[in-house]
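Student: Pasting a structure here, questions to come.
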There are 2 protein chains.
Amino acid sequence: VLAPRSSVFRGRSRTDRVALVHSEPHVVVLGAGFGGVAAAEVLAEAPVRTTLVDVRYYNTFQPLLYQVATGGLNAGDIAYPLRNLLRTRPRLDFRCARVEGVDFAGKTVLLGDGGTLPYDSLVVATGAATNFFGVPGATEHSRAIYTLDDALAVRAEMFGQLEKADAAALGGGTPAVVVVGGGPTGVETAGALAELHAMAFGKVYRSLDPAMSRVVLVERRDGLLAGFDPRLSRYAAAELRRRGVEVRLGLAVEEVGAGAVRLRDLATGTEQQLACGLVVWAAGVGAGDVVGSLPPTLVDGGRLRVEPTLLVAGLGDDFAVGDAAAAPGPDGRPLPQLAQPAIQGGRHAAAQILRALEGRPPLPFSYRDKGIMATIGRHAAVAEVRVPALGGRAVRLRGRTAWLAWLGLHIVALLGGRNRSAVLLNWAWRYVAWRRGPRVIVGG
Amino acid sequence: VLAPRSSVFRGRSRTDRVALVHSEPHVVVLGAGFGGVAAAEVLAEAPVRTTLVDVRYYNTFQPLLYQVATGGLNAGDIAYPLRNLLRTRPRLDFRCARVEGVDFAGKTVLLGDGGTLPYDSLVVATGAATNFFGVPGATEHSRAIYTLDDALAVRAEMFGQLEKADAAALGGGTPAVVVVGGGPTGVETAGALAELHAMAFGKVYRSLDPAMSRVVLVERRDGLLAGFDPRLSRYAAAELRRRGVEVRLGLAVEEVGAGAVRLRDLATGTEQQLACGLVVWAAGVGAGDVVGSLPPTLVDGGRLRVEPTLLVAGLGDDFAVGDAAAAPGPDGRPLPQLAQPAIQGGRHAAAQILRALEGRPPLPFSYRDKGIMATIGRHAAVAEVRVPALGGRAVRLRGRTAWLAWLGLHIVALLGGRNRSAVLLNWAWRYVAWRRGPRVIVGG
């Protein structure tokens with residue numbers, strides 16, 4: 001056991017009962033998403049006690065949430081019980097509670113169940129929340145897919161509307177589904193919805209005409225998938241259109257109502273109304289609850305201000321990573337709110353805490369861009385993979401190659417062997433049973 | 001197409017628009033559980049139009065609900081999308097709606113969405129609901145496991161309580177889980193809970209002592225598993241006790257409160273209080289909503305009075321099957337509310353409707369008892385299998401043989417290849433990973 005001799009012990013409060021009982025410093029990690037779990041895994045191997053805190057008792061693999069929402073996967077296939085992490089990590093503990101706030105001066109986390117967690121060092125990895133950008137009606141009348149509950153709510157709403165449309169139809173049309181936001185989440189959701197409609201309309205929904213399927217993808221910019229090479233963006237739009245998605249670019253959502261969205265053409269300024277049954281909001285993420293509860297002086301654009309080391313600006317022992325932190329990327333702008341910056345940030349913060357224990361100063365975080373990818377549907381995806389052997393140059397993939405790469409990468413990245421096997425089984429089943437109609441996963 | 005010439009066409013109302021459009025008689029099946037799906041599958045092969053009606057858009061494999069409640073399976077593993085039935089059955093349609101009532105005289109089903117379904121012949125297979133037997137507080141403070149939502153609510157409640165107990169413990173005990181009812185559902189639930197505690201306490205729930213695990217199974221009678229051979233009942237009780245379940249016989253639940261149940265010893269009359277965190281109600285099923293809405297003259301003990309043909313007493317074209325019907329068994333008492341009577345009843349009712357189309361009178365229903373089984377846990381189950389080759393004599397199995405038989409039978413009985421594969425995968429995973437701690441399925 002290392003003797004406490006670093007800055008992580010300064011300012012420890014008198015109420016720090018737990019830390020007084022144990023001789024090892026106590027690190028608290030807030031949030032068990034990509035960043036928090038990555039930090040906890042590194043810390044658990046070191047001579048510190050680590051407590052991982054999350055309001056849910058499971059980790060959610062967010063990149064596949066849209067497949068739960070569209071009936072392709074079980075909720076349980078992408079949820080990993082956090083206590084499984086404890087089996088082989090005797091120094092790691094888990095606390096299932098909501099975070100009410102952090103007393104940075106007193107080095108104590110305040111929990112929603114009335115408890116407190118004194119800490120020597122802290123990692124804030126509480127993620128973000130859906131950003132509705134203040135669009136009137138968006139909170140009430142559109143659905144985001146940021147949590148498992150969100151995904152299951154979209155699934156229930158969508159299948160409920162299909163049932164209603166089928167019962168009412170006898171030749172009538174189906175209400176349109178509008179997906180707002182042409183980033184990876186919007187593209188993947190729209191593609192999956194179009195596939196579901198193509199497989200199910202006229203087959204298991206007898207009254208619904210496949211020609212009447214309307215999946216509309218609305219994007220403010222003049223292209224999909226910002227950040228991708230323009231050729232890949234154009235390919236994604238063309239593939240989505242070929243699969244029946246109406247890709248509508250250069251349109252801003254002005255208002256979301258019950259049963260309609262109001263759109264404004266950003267080039268001409270003209271407005272139009274679009275009747276719809278379901279609006280899926282995939283336009284971006286903003287401040288999460290926890291960050292919102294922290295002192296405003298620490299917050300910038302809904303994310304915690306951090307120094308290049310990922311230390312929260314002005315604090316000595318408190319790190320912030322992932323969606324919760326406004327960590328500057330190589331171009332000076334905050335890093336994108338994706339899995340890789342969170343994972344790398346979590347590992348970096350954990351490593352700096354361990355350096356501090358050895359009396360060494362923290363190093364700056366350097367994000368290694370591994371690339372970006374998005375899937376469109378069966379046999380179609382786009383990917384830009386940064387290859388270290390080519391000096392970090394991006395290799396661009398699309399079509400079947402990119403799709404297989406996407407499948408493999410997502411299987412590997414899932415937590416837990418059971419979940420990996422279950423996702424593989426469900427994908428394989430759907431792939432083989434393709435021509436026999438939809439094989440959706442429902443229930444609960 | 002058969003010409004309409006039988007009793008199913010008498011009394012067809014003028015509002016029967018759909019039937020006027022089509023030349024085939026219209027059969028409506030209310031409820032898509034074991035009985036309704038069995039009836040629909042037979043009817044779909046015949047020259048009739050069949051509409052299956054259910055408030056949910058999926059069928060639930062109820063015998064495995066307790067495994068969803070205890071984290072062994074996904075909700076989606078035991079839920080089968082009803083529209084999948086339509087893919088290969090052009091004459092079958094599905095309507096997702098709540099049944100408000102039946103106008104037997106006007107031969108019309110009234111739906112919750114305001115619609116009506118005129119029919120020539122009807123099969124009521126709407127199942128039952130949990131029977132709390134009027135025990136004070138049972139509705140509010142105990143949880144049944146009759147639907148998927150019930151199972152997911154029990155799972156959320158249970159894991160939530162384990163999290164709280166772990167956070168609060170530091171040496172304290174855990175709240176007891178009380179399972180009310182020593183039938184197959186109660187035995188299986190108690191066994192699964194004891195296994196979960198044994199695997200998880202002290203391992204992933206660090207503060208919880210396996211010796212403090214309390215799973216209490218309360219049964220009014222002086223033995224478990226009424227209907228089984230007494231030797232199998234005793235074996236089940238002994239196996240449950242060996243696995244840590246407190247099996248308490250001859251006790252009636254007098255009242256369920258928040259955090260406690262009041263029990264009365266039926267032999268001595270003395271009362272006792274049992275503190276607990278969760279009460280799972282597995283004591284029986286009673287009248288369902290639909291049956292409750294029907295004319296009371298047709299109802300007996302929460303189930304529809306039926307003639308030996310399964311025709312609803314006094315009606316000519318309306319059948320009732322499964323939990324919804326009080327069909328007399330060989331001993332004169334109503335058949336047990338299990339899958340087999342429902343499946344056989346559904347097939348029988350369908351066959352009688354087809355006989356009526358050919359102008360032949362209905363035959364009486366004769367239930368063929370295939371046996372009963374219940375699982376206790378890993379390598380332990382009990383089964384009484386009626387073997388036709390032995391003149392219907394019961395072969396009694398217990399232990400590993402019965403357990404393997406139970407596993408095989410439940411895999412075969414599941415609807416849908418994907419669900420079968422997924423359940424098999426999850427069971428195999430849990431079996432192999434046994435010593436490595438709990439592999440629970442959570443999320444959503």
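Student: Relative contact order for the range B:83-236 using alpha-carbon pairs under 8 Å, separation at least 6, rounded to a whole percent?
Tutor: 15
Student: Using only Cα atoms and rounding to the nearest 10 degrees, what angle (0 to 90) does helix B:34-43 make with the longest principal axis of chain B?
Tutor: Here the helix axis deviates by roughly 30 degrees.
Student: Quote the FRET efficiency, to the nearest 0.05, computed for A:E255 versus A:D331 with a Förster distance R0 of 22 Å and r equal to the Cβ-Cβ distance.
Tutor: 0.10
Student: If amide H atoms are built 1.01 Å from N in the plane of the peptide, which residues on other chains or at least 5 residues away come under 5 Å of the amide H of A:G137?
Tutor: A:V256
Student: Just report the Cα centroid separation between the range B:203-248 and the range B:308-385, whole Å.
Tutor: Using only Cα atoms to place each centre, the spacing works out to 31 Å.
Student: Can you give the accessible area of B:L414 in Å² (nearest 10), computed on protein heavy atoms with a 1.4 Å probe?
Tutor: Here the accessible area works out near 10 Å².
Student: Counting only protein heavy atoms and rolling a 1.4 Å probe, how much accessible area do B and A lose on contact, total for both sides, in Å² to 100? Spell out each step's value before the answer.
Tutor: On the way: alone 19840 and 19870 Å², together 35790 Å².
Protein heavy atoms only, the B-A interface buries about 3900 Å².
Student: Within 10 Å of each Cβ of B:72-82, how many other protein chain Cβ atoms are there on average?
Tutor: Mean shielding count: 6.
Student: Need one value for A:421-428: mean number of C-beta atoms belonging to other chains within 10 Å of its residues' C-beta atoms.
Tutor: 4
Student: If you draw the axis that swings chain A onto chain B, which residue of A has its Cβ closest to it, and how far is that in whole Å?
Tutor: A:N74, 2
Student: A follow-up question, please. Once the label point is placed 7 Å from Cα along Cβ, list for A:Q161 the distances to the corresponding points in the other copies, in nm, shortest first.
Tutor: Nearest to farthest, the other copies are at 3.9 nm.
Student: Right, next: Using only DSSP helix segments of four residues or longer, with each worth -39500 (n - 2.57), what per-residue ellipticity at 222 nm results for chain B after dividing by its residue count and rounding to 500?
Tutor: Mean residue ellipticity, 222 nm, calculated: -9000 deg cm²/dmol.
Student: Ok, one more. Kindly count the pairs of lysines across the protein assembly as shown whose alpha carbons are less than 24 Å apart, treating pairs on different chains or eight or more residues apart as eligible.
Tutor: Final tally of qualifying lysine pairs is 4.
Student: Something else about it: So what J values fall out for the range B:344-359 if you push phi through Karplus, 6.51 cos²θ - 1.76 cosθ + 1.60 with θ = phi - 60°, rounded to Hz, Gly and Pro as x?
Tutor: Ordered by residue, 3J(HN,Hα) equals 5, x, x, 5, 5, 4, 4, 5, 5, 5, 5, 4, 4, 4, 8, x Hz.
Student: Relative to the longest principal axis of chain A, what angle (0 to 90°, nearest 10) does the C-alpha long axis of helix A:230-242 take?
Tutor: For A:230-242 against chain A, the angle is about 50 degrees.
Student: Hey, in the GNM for chain A with a 10 angstrom Cα cutoff, which one of A:G417, A:G223, A:G259 fluctuates hardest?
Tutor: Ranking A:G417, A:G223, A:G259 by mean-square fluctuation puts A:G417 first.
Student: Between B:E45 and the same site in the other copies, what are the distances in nm, shortest first, taking label points 7 Å from Cα along the C-beta direction?
Tutor: Label-point separations across copies, in nm and ascending: 6.0.
Student: Report the gain in length on full extension from B:R241 to B:L424: 0.36 nm times residue separation, minus Cα-Cα distance, nm rounded to one decimal.
Tutor: 63.1 nm
Student: Which net charge results when you count Lys and Arg as +1 and Asp and Glu as -1 among the other residues whose beta-carbon is under 11 Å from that of A:L311?
Tutor: It works out to a net charge of -2.
Student: Moving on. Give me a single rounded figure for B:430-440: the average over its residues of other chain Cβ atoms within 10 Å of their Cβ. Walk me through the intermediate numbers first.
Tutor: Values: counts 1, 0, 1, 2, 0, 0, 3, 5, 4, 7, 8.
For peptide B:430-440, the averaged partner shielding equals 3.
Student: Taking a point 7 angstrom from the Cα of A:S23 along the C-beta vector, which residues in the range A:83-124 have backbone N less than 19 Å away?
Tutor: From the range A:83-124, the list is A:90-92, A:120.
Student: Then there's this: Please calculate the 1.4 Å probe accessible area of B:S142, with all protein chains present, and give it to the nearest 10 Å².
Tutor: Rounded to the nearest 10, that gives 10 Å².
Student: Antiparallel versus total DSSP beta bridges in chain B: what percent is that, nearest 5?
Tutor: Looking only at bridges with both residues in chain B, the antiparallel portion is about 55 percent.
Student: Compute log10 of I(q)/I(0) for the range B:241-353 with the Debye formula, placing one identical point scatterer on every Cα and leaving out solvent, at q = 0.12, 0.14, 0.16, 0.24 Å⁻¹, to two decimals.
Tutor: The Debye formula, applied to the Cα set alone, gives -0.63, -0.74, -0.83, -1.26.
Student: On C-alpha positions alone, give me the angle between the axis of helix B:184-200 and the longest principal axis of chain B, in degrees, nearest 10.
Tutor: The two axes meet at around 40 degrees.
Student: Treating the point 7 Å from Cα along Cα-beta-carbon as the label, what are the nm separations from B:A428 to the other copies, to one decimal?
Tutor: Ordered by distance, the counterparts are at 0.8 nm.
Student: Suppose all protein chains stay in the model; what accessible area per residue would a 1.4 Å probe give for the range B:96-185, in Å²? Show your work: numbers first, answer last.
Tutor: Values: 3250 Å² over 90 residues.
About 36 Å² of surface per residue is accessible.
Student: Also, I was wondering about something else. Can you compute the FRET efficiency between A:A389 and A:E358 using 1/(1 + (r/R0)^6), with r the Cβ-Cβ distance and R0 = 25 Å? Round to the nearest 0.05.
Tutor: 0.15
Student: Which of A:S421, A:S213, A:S233 ends up with the largest GNM mean-square fluctuation for chain A, with Cα atoms connected below 10 Å?
Tutor: Result: A:S421 has the largest fluctuation of those listed.
Student: Rounded, prolate or oblate, given the Cα gyration tensor of the protein assembly as shown, with a/c below 1.5 counting as rounded?
Tutor: Judged from the Cα gyration tensor, the protein assembly as shown comes out oblate (a/c at least 1.5, b/c at or above a/b).
Student: What is the sum of charges, Lys and Arg at +1 and Asp and Glu at -1, for the other residues whose Cβ falls under 9 Å from the Cβ of B:W429?
Tutor: Local net charge: +3.
Student: Next question. Identify which of B:W427, B:W281, B:W406 has the largest mean-square fluctuation in a Gaussian network model of chain B, with springs joining Cα atoms closer than 10 Å.
Tutor: Among B:W427, B:W281, B:W406, the largest mean-square fluctuation in the Gaussian network model of chain B belongs to B:W427.
The values are calculated or read from the model by the stated rules, or taken from the named source; none is laboratory data. Treat the numbers as computed from the prediction; the structure is a model and nothing was measured. All Cβ positions, glycine included, derive from the backbone under ideal geometry; neighbour counts span all protein chains shown. To get the accessible areas, we keep the full protein, side chains included, count just its heavy atoms, and leave off ligands, DNA and RNA. Shrake-Rupley method; radii C 1.70, N 1.55, O 1.52, S 1.80 Å.
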